[in-house]
Amino acid sequence: MKLFKNILESVKPHFVDGGKLEKYYPVYDGFATFLFTPGHTSHSGAHVRDAIDLKRTMVTVIFAMVPALLFGMWNAGNLHYGALGLAETVGFWDKFLWGALKIVPMLIVSYGVGLGVEFIFCIIKKHQIQEGFLVSGMLIPLIMPIDIPLWMVAVSVVFAVVIGKEVFGGTGMNILNPALTARAFAFFAYPTYMSGDKVWINTSAAEGQSVVDGFSGATVLGSYATGGEVGYSTMDMFLGFIPGSIGETSTLAVLIGAAILLYTGIGSWRIMLSGLIGALAMGLIFNTFAEYAISPEQQSFMAVPAWQQLIMGGFAFGLVFMATDPVSAAQTDKGKIIYGFLVGFFAIMIRVFNPAYPEGIMLAILFMNVMAPLIDHYVVQGNINKRKKRLATVKAA
Amino acid sequence: MAEVQEVKKERESLFSKNNRKLISDPLNDSNPITVQVLGICSALAITVKLYPALVMSISVLFVLAMGNVVISLMRNLIPNRIRIIVQLVVVASLVILVDQVLKAFVYDVSKELSVFVGLIITNCIIMGRFEAFALGNGPWKSFLDGLGNAFGYAWILLAVAFFRELLGSGQLFGFQIIPESWYLSEGGFYSDNGMMLLPPMALITVGIIIWVQRSRNTELIEEN
């Protein structure tokens, strides 16, 4: 720590007013405040003193995602060697290492490109660096398929940061969740690398290896959407031994993350709970009306027990880490309940009714992100009207 | 408006400063698409490839310039109450003319543009220029104004189409620009951006042009 402090102190003169690199002060400030608590205090207005700030919030969310990330690394390796028929012979650490070698470069690209774009905008706009990208940079690799080329990750990140965030004024002003903006962009721009049954498991075989007979790389949702056989047990789905985006497969790992977010009070329990109820509600409606489905594939999908919908696909991951994004979700307490409910409701509806978009949670969250200000508006208006009415009755009495 | 009086009576040279401004202004500071936000629907619909966008631009150029001249010549004859109908008749006849020419000479493009040629009639830029300019100014000035606005429309269309065709299908005017060997299917690393072919990306591209334009000229930024 002393070392960092010394380095910072020694380069500081270059960045302050009159220094050679004055223009790049935001970069210096960003690094300095990332490493150390700033030595200056605010001088005007009222300020709340609290142990938690934006950076610490972000870091907590990142810690909450670590279980999903680590499991994703192992699972990627496990599926890869499983496809080659070597799942039994290859050890735990080899699987983990294989996954890490695929996923760490994605993380580096995601953070490097995203923070690079943020730095550029800070210098152009001459404001301080906001650390909003810390979480997005971690989320983006977790919601991508294992086989996606790195440059596609980079392009999606640039799109998400520029069009999803900087256009609206930077961190805290974005309408849409940046990580999901990146995924939606990649999904529509490079559909062959983002959907189907080829992209979720890496099947590149080294010399002397070959893909086992009867191998299928389809996700659980993909199998249901196309009426295929689902070869995974409920326990597999819950623990996450299934193909899917890197970090989303294990409901257990997501639940650990959810516990961290709820315990620290960073994630909104209202959104998570009402989202869960919304998804169950839609699932039960489907169960009731399954016999009226228009096709046999849809019928089998609609008949999936409502609780099982919760552990398939990215529903849990999206609801815990992305629907609860404090910027793009509804802000009012009542609004959060409505917002969460509709996220869950639409997520299940989209994945069942639209086989082309098996991953409904992405589109459901983005859709509700757009609707969140509207929900807030009516909640606030409703409250105003209620108090007006109360005032009128008090005056009349 | 019909009641607008011609202010300038003394003779002006054909390319005086004011007349040149009629052409140059719509290219930037009063661009019909990015500043007045007119004619957006066709800008989103036919900018997937450059060639149809070019044909569309030329069609609009013809209709707008000719229509402006015709309306300007008739401006003192048109009763104020029915001026919209008269304008519609003029623009409809010109559009039918363009449509027939396109069908005769560039049938493929005509099919591709389909309904959007007919929809030039309802293009807000054209009615807007008739109302705001041709009804109150002489034929030469109206002609220049028509040209200017059509060029303003055209360059946005072509700029959007350039990026959409280049990034969306790797081509320009139908010629392959991105080398075939770069594609993943050929063992390379590249893949076309499918989203560029979808209308939302046209909207975003126009948005980026508006963004760049307004950060260069901050006077264009509206008050909230």
Exercise. Give me D for the stretch A:267-397 in µm² s⁻¹, whole number, from Stokes-Einstein with Rh from the Kirkwood sum over alpha-carbon pairs, 37 °C and 0.692 mPa s.
Key: 210 µm²/s
Quiz item: If you place +1 on the Cβ of every Lys and Arg and -1 on the Cβ of every Asp and Glu, how big does the dipole about the Cα centre of the stretch A:267-397 come out, in debye to the nearest 20?
Solution: 1060 debye
Quiz item: Which helices, taking whole DSSP H runs in chain A, have alpha carbons extending 24 angstrom or more along the helix axis plus mean Kyte-Doolittle at least -0.5?
Solution: A:54-83, A:92-125, A:269-289, A:333-353, A:360-396
Quiz item: Which of the chymotrypsin sites (Phe, Trp or Tyr not before Pro) found in the stretch B:109-197 are in a DSSP loop and have at most 15 neighbouring Cβ atoms, other than their own, within 10 Å?
Solution: B:F173, B:F189
Quiz item: Which residues make up the longest stretch of chain A clear of GluC sites (Glu not before Pro) that lie in a DSSP loop with no more than 16 other Cβ atoms within 10 Å, not counting the sites?
Solution: A:230-397
Quiz item: For chain A, what does the equivalent ellipsoid look like in terms of its semi-axes, each the square root of 5 times an eigenvalue of the Cα gyration tensor, given largest first in whole Å?
Solution: 37, 32, 17
Exercise. Let me have the 222 nm mean residue ellipticity of the protein assembly as shown computed from DSSP H runs of 4+ only, each contributing -39500 (n - 2.57), with the sum over all residues rounded to the nearest 500.
Key: -20000 deg cm²/dmol
Practice problem: Kindly provide the Kirkwood hydrodynamic radius of chain B in Å, to one decimal, from all pairs of distinct alpha carbon atoms. | Solution: 18.9 Å
Self-check item: Cα convex hull of the stretch B:31-164, projected area averaged across orientations, nm²
Solution: 7.3 nm²
Quiz item: Considering amide H positions built from the backbone, and no H for Pro or chain starts, which residues 5 or more places from B:Y190, or on another chain, come under 5 Å of its amide H?
Solution: B:Y183, B:L184
Practice problem: Give me A:K395, A:K386 ranked fewest to most by other Cβ atoms within 10 Å of their Cβ, as a rough exposure proxy. | Solution: A:K395, A:K386
Quiz item: Whats the longest run of chain B with zero trypsin sites (Lys or Arg not before Pro) that are DSSP loop and have at most 11 other Cβ atoms within 10 Å?
Solution: B:12-224
Quiz item: Out of every Cα-Cα pair in the stretch A:197-298, what percent are more than 18 Å apart?
Solution: 65 percent
Exercise. Answer with one residue from B:Q213, A:I271, A:F96: the one whose Cα lies farthest towards the positive end of the charge dipole of the protein assembly as shown, charges on Cβ with Lys, Arg +1 and Asp, Glu -1.
Key: B:Q213
Self-check item: Exposure rule at most 12 other beta-carbon atoms within 10 Å, DSSP loop GluC sites (Glu not before Pro): chain B longest free segment
Solution: B:11-221
Practice problem: Give the Rg/Rh ratio for the stretch A:49-103, taking Rg as the radius of gyration of the Cα atoms and Rh as the Kirkwood radius, to two decimals. | Solution: 1.28
Quiz item: If the cut-off is a Cα-Cα distance under 19 Å, which lysines reach A:K395, setting aside same-chain residues fewer than 8 apart in sequence?
Solution: A:K386
Quiz item: Can you tell me the Rg and Dmax of the stretch B:81-142, counting just the alpha carbons, in angstroms?
Solution: 13.5, 41
Quiz item: Where in chain B are the helices, taken as whole DSSP H runs, whose Cα atoms extend 15 angstrom or more along the long axis and whose Kyte-Doolittle mean reaches at least 1.0?
Solution: B:50-74, B:83-105
Quiz item: So which of A:K198/B:K111; A:K334/A:K388; A:K12/A:K55; A:K165/A:K336; A:K55/A:K126 end up more than 30 Å apart by C-alpha?
Solution: A:K198/B:K111
Practice problem: Let me know the charge dipole size of chain A about its Cα centre in debye, to the nearest 20, where only the beta-carbon of Lys, Arg (+1) and Asp, Glu (-1) is charged. | Solution: 1960 debye
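Bear in mind that the values in this text are calculations on the coordinates, not laboratory data. Predicted, not measured: the structure shown is a model, and the values here were computed from it. FYI the Cβ positions are ideal-geometry reconstructions off the backbone, even for glycines, and counts take in every protein chain you see.
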